[in-house]
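**Student:** The following block contains the structure, expressed as structure tokens.
The values are calculated or read from the model by the stated rules, or taken from the named source; none is laboratory data. As the structure is a computational prediction, the values presented were derived from the model and not from experiment. A quick note on method: Cβ atoms are made from the backbone with ideal geometry, for glycine too, and the neighbour counts reach across all protein chains shown. Surface accessibility is based on the protein's heavy atoms, side chains included, excluding ligands, DNA and RNA. Shrake-Rupley method; radii C 1.70, N 1.55, O 1.52, S 1.80 Å.
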Amino acid sequence: MFGDLSFSHILILLLIVVLVFGAKRIPEIGSSLGQGIREFTRSMKGVTEDRPEPPRVQPPPSATVASTLPPPSGGDPKRLND
């Protein structure tokens, strides 16, 4: 995209920027861009640091679950609607 941008093209672009914004406004624009970038990176660091880690849930072992179940009673299952 910018591979064919030569030194003369960059000089022409800088001259146009100076003519449009003025020589006094260019340092102000640069400093405000720098402050914006710093604030953005600071807020992104704050987002990643403020995020709590999800709780770690350990599944119960399958052997203890089977031993805690009541023994099968046999017969037909009971119906709730009868």
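**Student:** Determine which single condition PRO61 fails, assuming it passes every other condition in (1) at pLDDT 65 or above; (2) open to solvent by less than 100 Å² (accessible area, probe 1.4 Å); (3) within 37 Å of the chain's Cα centre (by Cα).
**Tutor:** In the conditions (1) at pLDDT 65 or above; (2) open to solvent by less than 100 Å² (accessible area, probe 1.4 Å); (3) within 37 Å of the chain's Cα centre (by Cα), PRO61 misses (1) alone.
**Student:** Follow-up question, since we're still on this one. Name the single residue, out of those in the range 1-36 being under 37 Å from the mean Cα position of the chain (by Cα) and not in a helix (DSSP H, G or I), that is surrounded by the most Cβ atoms within 10 Å (Cβ to Cβ).
**Tutor:** LEU5
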